[in-house]
Amino acid sequence: MTAVLEQWAGRVRAAAADGKPLRLRGGGSKDFYGRAVAGEADDWLDTREYAGIVAYEPTELVVTARCGTPLAELEAALAEKGQALSFEPPHFGAGATVGGCVVAGLAGPRRAQAGAVRDFVLGAKLLDGQGDLLAFGGQVMKNVAGYDVPRLLAGSLGTLGLIAEVSLKVLPFAVATQTLRFAMAQEAALASLNRWGGQPLPITASAWCDGVLHLRLEGAAAAVSAATRKLGGEMGGEAVAAPEAAAFWAALREQTHAFFAAGALADAPLWRLSVPSLTPPLDLPGAQLIEWGGAQRWLRGGEAATPAAIRQAAQRAGGHATLFRAGAGERSVSDVFQPLSAPLARIHRNLKTAFDPHGVFNPGRMYPDF
Amino acid sequence: MSTESTPAAPRFDVDRRLLVARLRAVLPPRSLLVDEEDLRPYECDGLTAYRELPLIVALPANEGEAQAVLRICHELRVPVVPRGAATGLSGGAMPHRDGVVVSLAKLKEIVRIDPLARTAVVQPGVRNLAVSEAAAPYKLYYAPDPSSQIACTIGGNVSENSGGVHCLKYGLTVHNVLRVRGLTVEGEVVEFGNAALDAPGYDLLALINGSEGMLALITEVTVKLTPKPELAQVVLASFDDVTKAGNAVADIIAAGIIPAGLEMMDKKATHAVEPYVNAGYDMNAEAILLCESDGTPEEVAEEIGRMKAVLEKSGASEIRVSQSEAERLLFWAGRKAAFPAVGRITPDYLCMDGTIPRKNLARMLIAINEMEARYGLRCANVFHAGDGNLHPLLMYDANQPGQLERATAFGAEILELSVELGGTITGEHGVGVEKINQMCAQFTPLELDAFHRLKAAFDPAGLFNPGKAIPTAARCREYRQTGRPGQGGALSGAVPGTSSNFPDAPRF
């Protein structure tokens, strides 16, 4: 172990011995996400002390980086070689780190086509709740030796341990890209997205909001131009100029788009509903923005609906709801994530104990009881 | 035959008469096998070198019956070994001598295909290829295509996180499964994932994939369906040198191309295959590459052009592009028939499954050549080159004294070199009983201990598939102390990947 990791292992062991929680934090860009950590004020560990790209070989399609590596730095290194993190992670601030990106498990506009964070996690070195450094997975695409702990860590909100180092699959940039814009009501947009999804079209992102559907095509130049002709001609899609399109998708990913930014964001809760793409327009008060071909629905200004009603609507559709950004003063008292069924809750508690027997890491960040 | 070489699974004290009586109360007579002649067909899976008679075989016809079986087994502390089509190559479905094999063969219904949502809900005993066949009228298919796909089942695919030749572009099983419904060891219904793209809490769905029947019994799976590409074409490239072929693989990726499939065969493999299939492979080549492009006709034309340019620059001695679907299938037929073709020219063979970083492909081939001389055995090499997944086929004759031991040590050395080169001992076949010793080389005692704790989080009683996948600390101590492969005796009991229950089924 390096000096930093030795020191961290010591802190973990001390926290375990004292029965005090340790809050893991990188740049703090996703502080808003999840529940407030129990005993948050006590102690926090700054993961930025352990930073840097450990290995990157473009022909292996894998990059390995330390937890505190700035996400922007990693993406810049990949871009230099014409590659990227295909899941298009949101940064939500200049300080976003690679470790935070993985444990938050949030993916951007390309998720429905390319996959989630967990789909790209190949390996991880984890400092567990006893201060031991464990290596799972590796740097290769196919690996079924042992349980798939690296993917389990994606989205675990730092509750299972501290990811010291992570290996991610990367992919080349698409050769060509074109964004189209359609004037369309919500029902028509959902129907079109699901129909197009079943056709061999190079759709890599979609967003419907306020009567306008944006569609991004990416792939081989020939495929993109053929799809542009087809969708532009038959469906009346209007081509969006490249700089405007890039700005649009970036704003969507970073939630600086007017839907998210307008009004007093700090005071209005933002809900994320993850539902089957075929789910008809949700009958909930407030404004909605639809992504991922219909599978991700953002809800703002839905104060007229109770959290229970929102969760019920998501569950009835076959999905779940997350209080993505709580309104002012709500955070510490709110349940952020959809409650789990009894057997799942038991497995979650057992897993937490398996990796973090003394409850050191981010207690309460995901669910109140662990 | 309960062989001495079977890796020791923990024993359980089971009252067989009581167990049979209890199970008879919940299953129809034909769904419970208790006589030795009926149990015999279940004694092994695709890894035939390891055999064990189960105590009982239960064939539940629905989730309710499976639940009743699990509840009884849990109450009486009886091991449960889930079984699909038993095409697996690592012994994951090998019975436990004190346990019940729960065969999911009767759960073979395609519950529904939803073309608009592009999903299929299927029971675990549905065959992989049957899903694609059912989806074909909607111009959709299920992308993961392990070569045993005519026989292997979705439940088994999830348990092993199966791959196939197209997973570089389309992903493994874990990337194509949305939801797994199953039963906990206590017999409770549990759902991992859902009909949406993610679920609250930990990503247990990712954990279930590749868990080798150690965490839950699968009763239903929702898979993602993919639009069928309009066209596929394959480039067949010959190389007069294995290093050039290995480097060409890296060159393709470096050019920003993700082929739909990228396979490599060495001369010994092509020479075994060609007389059997007449695929038209270049018999003078030291290695060949198969590089596939799929998509719209425009897209394929563009990509094939880029692939050809790279392969030429990488020093290919001959390049051919399939000019028809028939020719494309013929080029692939050779690759798909590699295992049975090798089976024809040798009495026995072992199939290895290591994965290494692509850049080390040539180095591995050269090392294997050197090992062939040292062990006095031949090895044909078939690689999923695009993902660095190797299937060296070690040829031996079990009737010649010492050959099995030499082949076993040869295989172990390849796997340990895979780990040394930054890879893994198994890319897609699983650990099962076959590679349990090599797990000691890949993981530290602390890591293995974490795996055991993870298993206990799902299965505190340790009843699902005991003795598989993760070695005990005691086993690893012994393995580490008794020497290294190549010096004899190190791997007593490790007889990887011998011929199978389905000798003619193509496989990877």
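We did not get these values from a lab; they are worked out from the coordinates using the rules stated. Predicted model, so just to flag it, every value in this text is computed and none were measured. For neighbour counting, all protein chains shown are included, and Cβ atoms are generated from backbone atoms with ideal geometry for every residue, glycine included.
Within 10 Å of the Cβ of each residue in B:448-458, the mean number of Cβ atoms contributed by other protein chains is 6. Each residue, residue A:73 and residue B:453, gets one label point 7 Å from its Cα in the Cβ direction; the gap between the two is 3.0 nm.
Can you list which of the chymotrypsin sites (Phe, Trp or Tyr not before Pro) found in segment A:73-147 are DSSP loop residues with at most 16 other C-beta atoms within 10 Å? Of the chymotrypsin sites (Phe, Trp or Tyr not before Pro), not one in the loops of segment A:73-147 has a Cβ with at most 16 other Cβ atoms within 10 Å. Averaging Cα coordinates gives a centre for segment B:256-283 and one for segment A:306-370; these two points are 51 Å apart.
Please compute the Kirkwood hydrodynamic radius of segment A:258-325 from all pairs of different C-alpha atoms, in Å with one decimal.
Details: mean 1/r = 0.0845 Å⁻¹.
The Cα-based Kirkwood calculation yields 11.8 Å.
Averaging sequence separations of C-alpha pairs under 8 Å and six or more residues apart, then dividing by the length of segment A:147-238, give the relative contact order as a whole percent.
Numbers: 96 pairs, mean separation 29.3, N = 92.
The normalised contact order for segment A:147-238 reaches 32 percent.
What shape does segment A:83-146 have by the C-alpha gyration tensor, where a ≥ b ≥ c are the square roots of the eigenvalues, rounded means a/c under 1.5, and otherwise prolate means a/b greater than b/c and oblate the rest? Because a/c hits 1.5 or more and a/b fails to exceed b/c, segment A:83-146 counts as oblate.
For segment A:1-103, taking the reciprocal of the average inverse distance between every pair of different Cα atoms yields a Kirkwood hydrodynamic radius of 15.0 Å. Each residue in A:310, B:150, B:356 was given a count of other beta-carbon atoms within 10 angstrom of its own, and listing them fewest first yields B:150, A:310, B:356.
Rounding to the nearest 10 and keeping the result within 0 to 90°, find how far the Cα-based axis of helix A:342-355 lies from the longest principal axis of chain A. Its long axis makes an angle of about 50 degrees. Each Cα pair of the protein assembly as shown feeds into the Kirkwood radius, which the Stokes-Einstein equation turns, at 25 °C and 0.890 mPa s, into a diffusion coefficient of 88 µm²/s.
When you have a sec, figure out the Kirkwood radius of segment A:20-172 from all distinct Cα pair distances and drop it here in Å to one decimal? Before the final figure, lay out each step's value.
Working: mean 1/r = 0.0649 Å⁻¹.
By the Kirkwood definition, the hydrodynamic radius is 15.4 Å.
Among A:54, A:224, A:62, the residue with the largest mean-square fluctuation in a Gaussian network model of chain A, with springs joining Cα atoms closer than 10 Å, is A:54.
Whole-Hz Karplus values for segment A:52-61 come out as x, 7, 7, 7, 8, 10, x, 6, 8, 6 Hz, taken residue by residue from phi with 6.51 cos²θ - 1.76 cosθ + 1.60 and θ = phi - 60°; glycine and proline positions read x. Relative to the longest principal axis of the Cα atoms of chain B, the long axis of helix B:361-375 lies at roughly 70 degrees. For segment A:5-18, 3J(HN,Hα) computed residue by residue from phi via the Karplus equation (6.51, -1.76, 1.60; θ = phi - 60°) reads 5, 4, 5, 5, 4, x, 5, 5, 5, 5, 5, 5, 5, 7 Hz, glycine and proline entered as x.
In plain terms, the bigger the Kirkwood radius, the slower the diffusion; for segment A:176-254, with that radius from Cα pairs, at 4 °C and 1.567 mPa s, Stokes-Einstein puts D at 103 µm²/s. Here is how the number arises for chain B: DSSP H runs of 4 or more residues each give -39500 (n - 2.57), the sum is divided by the residue count, and the result at 222 nm is -10000 deg cm²/dmol.
Label chain B by shape, choosing from rounded, prolate and oblate, from the square roots a ≥ b ≥ c of the eigenvalues of the Cα gyration tensor; if a/c is under 1.5 it is rounded, and otherwise prolate applies when a/b is larger than b/c, oblate when it is not. Intermediate results must be reported in sequence, preceding the final value.
Details: a/c = 1.91, a/b = 1.32, b/c = 1.45.
Oblate is the answer for chain B, as a/c is 1.5 or above yet b/c matches or exceeds a/b.
Hey, what number do you get for chain A at 222 nm if only DSSP H runs of n ≥ 4 count, each worth -39500 (n - 2.57), divided across all residues, to the nearest 500?
Estimated from H runs of four or more residues: -8500 deg cm²/dmol.
Distance from the Cα centre of segment B:455-473 to that of segment B:34-112, in angstrom? Using only Cα atoms to place each centre, the spacing works out to 17 Å. For segment B:374-431, the square roots of the Cα gyration tensor eigenvalues, ordered a ≥ b ≥ c, give a/c of at least 1.5 with a/b greater than b/c, which places it in the prolate category.
Regarding segment A:158-204, what's the average projected area of the Cα-atom convex hull, expressed in nm²? Numbers along the way, then the final one.
Numbers: hull surface 27.1 nm².
Average projection, Cα convex hull of segment A:158-204: 6.8 nm².
Across chain A, Cα pairs under 8 Å and at least six residues apart give a relative contact order of 19 percent.
Cα centroid distance between segment B:186-217 and segment A:189-230, in Å? About 31 Å separates the Cα centre of segment B:186-217 from the one of segment A:189-230. Computed from Cα positions, the angle between helix B:63-76 and the longest principal axis of chain B comes to roughly 60 degrees. With no solvent and one point per C-alpha, what does the Debye sum give as log10 I(q)/I(0) for chain A at q = 0.07, 0.11 Å⁻¹? Each listed q maps to, in turn, -0.32, -0.80.
Using only atoms on other chains, find how many Cβ atoms lie within 10 Å of each Cβ of peptide B:223-231 and report the average. Walk me through the numbers on the way to the answer.
On the way: counts 0, 0, 1, 2, 6, 3, 1, 2, 1.
For this peptide, the per-residue mean of nearby foreign Cβ atoms is 2.
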